[in-house]
Structures are given as C-alpha cells and as structure tokens.
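Step one of this worksheet: look at the structure below.
The values are calculated or read from the model by the stated rules, or taken from the named source; none is laboratory data. The structure displayed is predicted, hence computed values, not measured ones. Cβ: placed from backbone, ideal geometry, glycine included. Neighbour counts: every protein chain shown.
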Amino acid sequence: LSFSLQAKMSRPVQARRLEGIDKNIWVEFVKLAATYSTVNLGQGFPDFPPPDFLKEAFVRALSGENHMLHQYTRGFGHPPLVKILAEFFGKLLGRDLDSVTNVMVTVGAYQALFCCFQAFVDEGDEVIIIEPFFDCYEPMVKMAGGTPVFVPLRPKAPKDGKLMSSADWQLDPAELASKFSERTKAIVLNSPNNPLGKVFSRGELELIADLCVKHDVVCISDEVYEWLVYDGKEHIRIASLRGMWDRTVIIGSAGKTFSATGWKVGWVVGPNRLLQHLRTVHQNSVYHCATAAQDAVAQGFQRELELYGKPDSYFIQLPKELQQKRDWLIQSLDAVGMKPIVPEGTYFLVADISKFKSDVPDVPDSDEPYDSRFAKWMVKNKGLAAIPLSAFYSGAHKNNYNHFIRFCFAKEEATLKAANDILQKWKQEKTSP
Ligand code: PMP
C-alpha cells in the first residue's frame with residue numbers, strides 16, 4: 001500500500017495549451033440525448049442510410065480482389081481518391097488541379113481544420129471567427145497558441161409576418177473590417193454555416209475576400225455542407241473570387257457529402273504553398289486515413305462526376321429530400337410557436353424558444369445560458385434533444401442570443417413525425433387549463 005501511495009503522481013500533468021479548453025458541451029449533450037431522448041434532433045448526423053452505391057463501393061473495397069486496400073496507402077491521400085477529387089474540384093473551380101500537391105485527404109473535415117490551425121497559426125497570431133460558429137474552431141485556434149477574434153452575424157427583423165431567414169443574419173461591414181489588423185493571420189469562413197444554415201451571398205463573400213487580400217490573410221473555408229443548399233440558392237466558393245485561390249484552403253467532408261459521418265473521410269483542396277504545411281502536420285500526427293473508406297469515397301465521386309448536374313446525381317437528390325424535411329420541421333415548429341429561422345442550407349435549423357419561457361423559467365444570475373438549461377429540460381421532460389445556440393458562441397458572448405436552439409433535420413420521416421407529435425402534445429398541455 002505504501003508503495004502505491006508513493007507512486008502516485010503529484011506534478012501537474014496538463015500541458016498549458018489545454019488550459020481553458022477542457023470543457024466541451026458535446027460530451028454533456030450527447031450523453032443527455034443518449035440517456036433521455038426518444039427523438040434526437042441534436043448532433044448533426046443523418047439517421048437514414050448512405051446511398052446504396054456508396055455502401056456497395058465499401059463492400060467492394062473490403063471483399064474485392066485488391067487485398068492491398070486493407071493496408072496503408074499513400075499518407076497524404078489514397079491515389080484514386082486524390083485523383084478524382086482533383087478532377088471534381090478542378091471542374092467546380094475551373095482550374096487544373098494536381099492530385100499530389102493540391103489535394104490532401106484527412107480524418108474527416110475535423111482533422112483538416114486541426115491541420116490548418118497547427119500549420120498556419122503562431123503564438124500571438126489572431127484568427128477571425130464569425131459567430132455563431134462550429135464550436136471546435138475556438139479551442140483549435142487556442143491550442144495552436146493563437147487568439148480567436150470574434151465578429152457576429154447580426155439578425156435583422158424579418159418583414160412583417162414572415163419567418164426569419166438565415167439570410168437575415170448578416171455581418172456589419174465596418175465591424176468586420178475593424179477586426180482585421182497586422183496581427184490577423186487567418187479568417188475561418190463556414191458557408192453554408194452551421195448552426196444557422198446561412199449561405200453567404202456573393203456580396204458578403206466579396207467583402208470578406210477584399211479584406212483578406214488587403215490584409216494578406218489566409219482564408220480557411222469550411223465548406224462541408226456545400227451540396228446542401230435550398231430554394232435554388234447557389235453555393236459560391238470563395239476560392240473562385242479574385243485574389244483568393246492563392247490564400248484559401250477549401251475543406252470538405254465525405255461524411256456530410258454522402259451521409260456517412262462515421263467514415264470520417266475529409267479533404268483539403270488548395271494551392272501547394274498552403275497545402276505543403278498541412279502535409280507536415282498530417283505526416284506528424286495521424287499520418288494516414290482508412291484505405292478502404294477512401295477507396296469507397298473515390299468510387300462515390302467517380303459516379304457523381306459521371307452524373308454531374310443530372311437528376312440522378314446524389315448531390316441533386318440529397319438537397320431535394322432535405323429541403324422537404326426542412327419544410328416539415330419548419331411547419332411543426334411554427335405550428336407550436338417555436339419560431340424557426342428558415343435555413344438556406346445545411347441540415348440544421350435554429351428556432352426561437354422565447355414563447356416557451358413560462359415552461360422553463362429563467363434563473364437570474366445563473367452562469368448557464370438560458371437556452372442550455374432549456375435544452376436540458378426539454379430532453380429530460382419531453383424526450384426531444386436539440387443543441388442550445390449558445391454552444392456556438394465564445395465564452396463572453398454566450399448570453400448574446402440565448403433563446404434559440406438548433407435542430408438537425410437530416411432524419412427519417414418517422415423521426416420528424418415523432419418530433420412533431422412531441423411538439424403538438426406539448427402545445428396542447430400548455431393551452432389546456
Ligand atoms: N465543419 C463543420 C461546419 C461541421 O458541422 C462538421 C461536422 N459537424 C465538421 C466540420 C466536421 O466534419 P467531419 O465529420 O467530416 O469531421
């Protein structure tokens with residue numbers, strides 16, 4: 001016994017770079033959803049299967065003749081995958097891409113982001129992040145020694161009687177410009193944006209692009225929802241704007257693109273002068289992503305290249321189906337007075353919970369934002385899981401917009417119907433004496 005007591009470590013073990021980033025809301029909300037939810041519209045993943053052609057491609061990769069697909073492949077990306085990505089994105093961007101130098105495969109878009117911050121951000125560098133944002137940007141910048149600088153999308157009241165749209169959340173041009181300085185190394189752009197579903201307009205992208213060029217700043221463009229755009233809106237790639245190719249890394253995700261988030265295949269497309277540094281981080285961290293999954297994604301892109309722009313293309317089918325699901329959820333929420341903000345893209349939808357405040361009274365002086373307590377109450381008492389919008393704001397700004405929650409509508413019709421039943425029943429309980 002005395003030996004084991006002596007052997008106990010007493011020195012602090014946590015590296016300084018982890019200070020202040022050790023809490024993560026996903027751990028808590030994923031657990032709450034697993035424990036209490038009957039309908040989980042929280043975390044962002046489909047509950048419907050990936051397309052058959054993709055599943056079949058994975059089976060072929062695993063059980064086909066080429067047993068080398070069970071072994072390591074090229075560290076920076078399986079050759080068939082980087083080849084087809086170069087071809088596909090070359091077509092989208094209207095430029096010749098080299099599969100070896102302009103494309104790198106990562107363990108999901110998540111690792112692509114991590115590589116970017118590690119490769120570009122030094123101690124003291126500032127990185128501009130547009131709020132609300134996919135929450136990992138902030139800790140990843142901090143872990144690299146950088147300082148996140150936040151600039152908000154500000155909501156404008158919608159026209160009388162209309163539902164608010166994600167397009168009503170806009171940057172103030174002067175405010176955005178004021179965040180750029182000689183310390184600014186990079187800006188993170190996420191269009192279509194998680195959590196609002198905002199699809200940045202050409203004018204908004206030009207504003208950002210002009211500032212990037214003026215201040216010689218790198219643009220980390222997280223485009224994982226590039227195919228999920230509704231109502232005929234267009235996803236514009238900021239790298240295609242003047243002066244931007246040379247300073248932009250485009251991040252994508254097979255998880256979001258093919259409804260297979262568990263495969264964790266992502267990629268980066270960009271100029272070699274930026275990608276060479278991402279390769280250094282990748283080489284010295286994960287080194288390699290699962291070969292068979294990469295091979296299947298390559299086959300998926302091969303199919304999509306052949307069907308590009310045709311009605312059978314998954315990149316046309318999926319947004320069509322999701323738009324219908326979006327509209328169902330909008331109807332369900334609107335009918336009970338949980339005002340939805342109509343998203344132009346992504347499979348997320350943010351809704352205003354102000355009208356439900358009598359059900360979950362506020363606790364003045366609580367450290368926890370109202371929406372967070374509301375979302376916890378909702379999953380425990382109604383079995384419906386969603387994510388508080390405050391999770392997508394930095395520490396000091398968590399109470400700026402704290403009466404919204406985010407739903408994911410990439411769900412089977414039955415799941416959305418079950419959510420509707422919960423909301424309807426809740427409304428009846430509220431109105432009956
Ligand atoms: N960026 C955004 C905006 C996301 O929403 C997500 C996933 N929720 C990712 C990146 C990570 O994607 P992946 O699953 O491919 O790592």
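Side notes on the structure shown:
- Among residues of the range 203-230 that are closer than 26 Å to ILE341 by Cα and free of Cβ contacts under 8 Å to residues at least 60 places away in the same chain, those with a beta-carbon under 8 Å from a residue that is among the charged types (D, E, K, R) and within 16 Å of the ligand (Cβ to nearest atom) at least six positions away or on a different chain give the pairs SER221/ARG237; GLU223/ARG237; GLU226/ARG237.
- Filtering the range 271-318 to residues that are over 22 Å from ALA57 (Cα atoms) and more than 16 Å from the ligand (Cβ to nearest atom) leaves PRO271, ASN272, ARG273, LEU274, LEU275, GLN276, HIS277, ARG279, THR280, GLN283, ASN284, TYR287.
- Of all the residues in the range 314-364, those that are of a type in the set (D, E, K, R), over 20 Å from GLN424 (Cα atoms) and assigned to a helix (DSSP H, G or I) number 2.
- Any hit, the range 400-408, residues being part of a helix (DSSP H, G or I) and hydrophobic (A, V, I, L, M, F, W, C): no
- Check on GLY255, more than 10 Å from the ligand (Cβ to nearest atom) and among the small types (Gly, Ala, Ser): no
- Scanning the range 244-290 for residues being buried (at least 23 other Cβ atoms within 10 Å of the Cβ), under 15 Å from the mean Cα position of the chain (by Cα) and not in a loop (DSSP other than H, G, I, E, B) gives a total of 12.
- Lone qualifier among LEU32, LEU18, LEU41 - being surrounded by fewer than 16 Cβ atoms within 10 Å (Cβ to Cβ) and closer than 26 Å to MET140 by Cα: LEU18
- Of all residues making up the range 79-103, the number that are among the charged types (D, E, K, R) and outside any loop (DSSP other than H, G, I, E, B): 3
- Criterion violated by ASP222 - all others in (1) among the acidic types (Asp, Glu); (2) surrounded by fewer than 24 Cβ atoms within 10 Å (Cβ to Cβ); (3) within 16 Å of the ligand (Cβ to nearest atom) satisfied: (2)
- Looking across LYS430, LYS376, one residue alone is of a type in the set (Lys, Arg), surrounded by 13 or more Cβ atoms within 10 Å (Cβ to Cβ) and modelled with pLDDT under 95. It is LYS430.
- Test: residue in the range 157-175 that is within 16 Å of the ligand (Cβ to nearest atom), among the small types (Gly, Ala, Ser) and buried (at least 17 other Cβ atoms within 10 Å of the Cβ): yes
- Evaluated against (1) touching a helix residue (DSSP H, G or I) at 6+ places or on another chain (Cβ under 6 Å); (2) assigned to a loop (DSSP other than H, G, I, E, B), VAL13 falls short on exactly one condition, (1).
- Test: residue in the range 348-364 that is outside the structural domain of VAL224 (by the TED database), at pLDDT 95 or above, over 12 Å from HIS403 (Cα atoms) and within 16 Å of the ligand (Cβ to nearest atom): yes
- Boolean, THR147 is over 25 Å from LEU349 (Cα atoms), surrounded by 18 or more Cβ atoms within 10 Å (Cβ to Cβ) and either in contact with a Lys or Arg (Cβ under 7 Å, 6 or more places away or on another chain) or of a type outside the set (Lys, Arg) (or both): no
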